[in-house]
Amino acid sequence: MPSRIPGIGRPRTEPGFLPAVVDLMIPVPDAASVAALRWLRTAAGIDAGPATGTNIWGTCHPVARMSEAGMRGSVVTLVGDTAGPYLDTHLDPSWVRAQGLDPAPYEADIERFTRTGDWPAGRRG
């Protein structure tokens, strides 16, 4: 099934994609994107859309790897979309359920990660 995250999972490669500058691509389940955007709203008061949820989920991976390696540094991501267009979709629990998405396990992963720094091995990119 194609992704339910706008702009992700298109059947063609975008013309601006430059594979030579990509170090790592992380597959992000749609339910993880929803979980991350919900977490961002609750934890930081930032109302973002599902593409930003994808960014947040993906950002956890290099942060976890850096932490495990004892590295310090900064990881930056962008808030690339706002919540407004998604109030009746990705931010609506009824819509999320109707799509067959279950963000609960991913929400638990994010909560544990922000509390302990422990990123689940089964969810690594």
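Amide H of A83 versus every other amide H placed in the peptide plane: which residues, excluding those fewer than 5 positions away on the same chain, fall under 5 Å?
Excluding prolines and chain starts, which carry no amide H, the hits are A48, G49.
I'd like the trypsin sites (Lys or Arg not before Pro) in the stretch 72-125 restricted to DSSP loop residues with at most 16 other Cβ atoms within 10 Å, sorted by number.
Passing sites in the stretch 72-125 are R72, R124.
Find the centroid of the Cα atoms in the stretch 77-125 and in the stretch 27-59, then give the distance between the two in whole Å.
Taking the Cα centre of each part, the stretch 77-125 and the stretch 27-59 sit 5 Å apart.
Using the Cα centre of the chain as origin and beta-carbon charges of +1 (Lys, Arg) and -1 (Asp, Glu), tell me which of S3, G73, L101 is placed farthest towards the positive end of the dipole.
Going by the Cα projections, it comes out as G73.
At 7 Å along Cα-to-Cβ for each site, give me the label-to-label distance between R112 and M66 in nm.
In this crude label model, R112 to M66 measures out at 2.2 nm.
HN-Hα J couplings of the stretch 2-18 from phi, Karplus 6.51/-1.76/1.60, θ = phi - 60°, integer Hz, Gly and Pro as x?
x, 5, 8, 8, x, x, 10, x, 5, x, 10, 7, 5, x, x, 6, 10
For the stretch 54-63, just list the computed ³J(HN,Hα) in residue order, Karplus coefficients 6.51, -1.76 and 1.60, θ = phi - 60°, integers in Hz, with x standing in for Gly and Pro.
4, 4, 4, 4, x, 5, 4, 5, x, 5
Computed over the Cα atoms of the chain, what is the ratio Rg over Rh, Rh following Kirkwood?
Looking at the chain, the ratio lands at 0.96.
In whole Hz and in residue order, list the ³J(HN,Hα) couplings for the stretch 99-109 that follow from phi through the Karplus curve 6.51 cos²θ - 1.76 cosθ + 1.60, θ = phi - 60°; x for Gly and Pro.
7, x, 8, 10, x, 3, x, 6, 4, 4, 4
Bear in mind these aren't lab numbers, they're just calculated from the coordinates by the rules spelled out. Values in this document were obtained by computation on a predicted structure and should not be read as measured data. No Cβ is skipped: glycine too gets one built from the backbone with ideal geometry, and neighbour counts run over all protein chains shown.
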